[in-house]
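The values are calculated or read from the model by the stated rules, or taken from the named source; none is laboratory data. Predicted model only: the values in this text are computed from it and were never measured. Here the Cβ is made from the backbone with ideal geometry for all residues, glycine too, and neighbour counts use every protein chain on show. Each accessible area value is taken on the protein alone, full model and side chains, heavy atoms only, with ligands, DNA and RNA left out. Shrake-Rupley method; radii C 1.70, N 1.55, O 1.52, S 1.80 Å.
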Amino acid sequence: MIQPEQIFTEQVLRSLFPPERSDAFFDALFGDASEGAYDIALTYAGYDPQNNTLDFFLNLHERPGRCLACNLTYGLPEVFGRHPVIDIKGLVQGIEQLLGGTLSCTAWKLGHTEQQGDSLHRIPLKIQLARQ
């Protein structure tokens, strides 16, 4: 039985999705990292043993002096799913490596952007697992 809450610590999540990736994303998108309205952070949301899925969030934290609500965050799941800097496929591969070869990540899906407040939006990431 896996114990994902012991695997996916804050330190591990930061190594899987480093804070610098936000600046790299906005540099690729706008040619200037300072144009970005938010910082992106990966958080662990839980393990569903019934459906054998891991749940994460890509949290979009508003940057000081910027307006997260003014940005088009609702189209981001499609953008994040394809963007090479965000690299969801590579992120999922990194998560699979942390599972120690007992489970494989067979599929992943980004959900719709959820507004948690004026300064926080989040995009769900659900990963389907299978025993190896």
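Structure notes:
- Selection count where residues are under 25 Å from CYS70 (Cα atoms), free of Cβ contacts under 8 Å to residues at least 60 places away in the same chain and in a helix (DSSP H, G or I), scope region 6-55: 11
- Residue within region 98-119 that is in contact with an Asp or Glu (Cβ under 9 Å, 6 or more places away or on another chain), in a strand (DSSP E or B), surrounded by 12 or more Cβ atoms within 10 Å (Cβ to Cβ) and of a type in the set (Gly, Ala, Ser) present: yes
- Filter result (open to solvent by 50 Å² or more (accessible area, probe 1.4 Å) and touching a strand residue (DSSP E or B) at 6+ places or on another chain (Cβ under 9 Å)) within region 23-46: ASP23, ASP39, TYR44, ALA45
- Residues of region 76-97 classified as open to solvent by less than 70 Å² (accessible area, probe 1.4 Å) and either hydrophobic (A, V, I, L, M, F, W, C) or more than 16 Å from PHE25 (Cα to Cα) (or both), total: 11
- Whichever residue in region 47-75 is of a type in the set (Ser, Thr, Tyr) and open to solvent by 30 Å² or more (accessible area, probe 1.4 Å) and, among such residues, is nearest to ARG122 (Cα to Cα): TYR74
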